[in-house]
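Just below is one structure, and these are the notes that go with it.
The values are calculated or read from the model by the stated rules, or taken from the named source; none is laboratory data. Source: prediction; values computed, not measured. Here the Cβ is made from the backbone with ideal geometry for all residues, glycine too, and neighbour counts use every protein chain on show.
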Amino acid sequence: MRIIAYSHIGSDGLGVMVDDKGFVSLAKAAPDMPITMMELLGINDWQSEVASVIKGKEADLTLEDVQLLPLVSNTPVLWCVGVNYKEHQDETGRGAQEEPMFFIRTNHGLIGAYDPIIRPNISHQLDFEGELAIIIGKGGRHIAKENAHEHIAGYTIFNDATIRDWQRHTIQFCPGKNFEGTGPLGPWMMTPDEFGDPYKQTLTTKLNEETVQYTSIADMDHKIDKQIEYLSTIHTLRPGDIISTGTPGGVGSRREPQLWMKPGDTVTVEVSNLGIIENKIEQEK
């Protein structure tokens with residue numbers, strides 16, 4: 001099952017994809033169904049309810065008819081894992097981390113899967129970081145690794161676009177990670193039964209159709225179950241929390257010469273069997 005969040009003629013809603021372009025509007029199929037992902041994930045056994053509602057329905061709209069929204073625009077927290085692939089550990093000089101290195105992004109910077117990424121006037125150091133993200137569907141505290149899969153609502157794609165010089169203003173990553181218009185998330189949430197084993201998939205980032213990042217997701221250092229166990233030790237995970245699982249090597253700031261995204265560029269992030277997000281770069285107005 002693939003679920004989108006969208007805006008159409010001034011109204012927001014959720015949809016379930018029935019093919020690569022068309023989707024069933026949940027609001028049309030069942031007017032009492034939630035219109036935000038946060039509300040949907042708060043329903044017990046939400047997947048069965050959605051499946052029942054859309055059974056036998058044909059597409060109401062296509063992706064071309066609507067604007068995709070960030071899947072969980074009001075997520076309580078977006079946790080991101082730093083330097084979680086060996087090639088990225090090597091290029092940053094940080095090496096392997098005994099425990100996952102987490103930082104937080106707020107929901108203010110989130111944008112839709114095809115919205116423009118905004119390069120701020122204050123800096124030209126806009127970098128790309130393609131990542132696989134997970135969305136929590138079942139809350140919990142002190143979740144054991146062997147039970148972590150029970151808490152995943154689905155998978156999606158994130159570009160942790162970063163303003164590098166602002167990231168380096170402090171040993172904490174947050175300033176450079178939270179500029180408005182720099183966090184495309186989408187295009188949909190794919191449920192685990194459809195996505196399958198994430199470690200059989202690959203991640204590719206392209207800038208102007210040239211591959212700049214490529215990895216097997218199996219190469220991540222701290223795996224998804226460890227990330228869930230670790231974070232749920234800190235606080236109770238809630239439905240709608242997002243964990244972005246880290247970017248591979250090849251980021252622009254570590255290249256010779258450095259490679260920054262600039263207005264007019266197009267950046268894509270693709271996870272095999274999941275989908276692709278594509279964003280033009282625009283200058284802040």
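Residues considered: V83, V24. Of these, the only one that is in the same structural domain as R255 (by TED's automatic domain parsing) and in contact with a Lys or Arg (Cβ under 6 Å, 6 or more places away or on another chain) is V83.
Does A148 count as touching a Leu at 6+ places or on another chain (Cβ under 9 Å) and either of a type in the set (A, V, I, L, M, F, W, C) or within 18 Å of S73 (Cα to Cα) (or both)? So A148 does not fit the description; no.
When region 154-207 is limited to residues that are among the β-branched types (V, I, T) and touching a helix residue (DSSP H, G or I) at 6+ places or on another chain (Cβ under 7 Å), the one that is nearest to N74 (Cα to Cα) turns out to be T182. Annotation: of all residues in region 145-179 being touching a Pro at 6+ places or on another chain (Cβ under 8 Å) and assigned to a loop (DSSP other than H, G, I, E, B), the one that is modelled with the lowest pLDDT is H169. A single member of I117, I134, I143 is β-branched (V, I, T), surrounded by 15 or more Cβ atoms within 10 Å (Cβ to Cβ) and out of contact with any helix residue (DSSP H, G or I) (no Cβ under 8 Å at 6 or more places or on another chain), and it is I117. Of all residues in region 130-144, those being small (G, A, S) and closer than 19 Å to E39 by Cα number 3. One residue stands out among those in region 8-19 that are farther than 20 Å from D32 by Cβ and touching a strand residue (DSSP E or B) at 6+ places or on another chain (Cβ under 8 Å): the one that is surrounded by the most Cβ atoms within 10 Å (Cβ to Cβ), which is M17.
For region 228-285, which positions are in a loop (DSSP other than H, G, I, E, B), among the hydroxyl-bearing types (S, T, Y) and crowded, with 17+ Cβ neighbours inside 10 Å?
Once the filter is applied, which keeps residues that are in a loop (DSSP other than H, G, I, E, B), among the hydroxyl-bearing types (S, T, Y) and crowded, with 17+ Cβ neighbours inside 10 Å, region 228-285 yields T245, T247.
Scanning region 139-189 for residues that are under 18 Å from the mean Cα position of the chain (by Cα) and among the charged types (D, E, K, R) yields D160, K177, E180.
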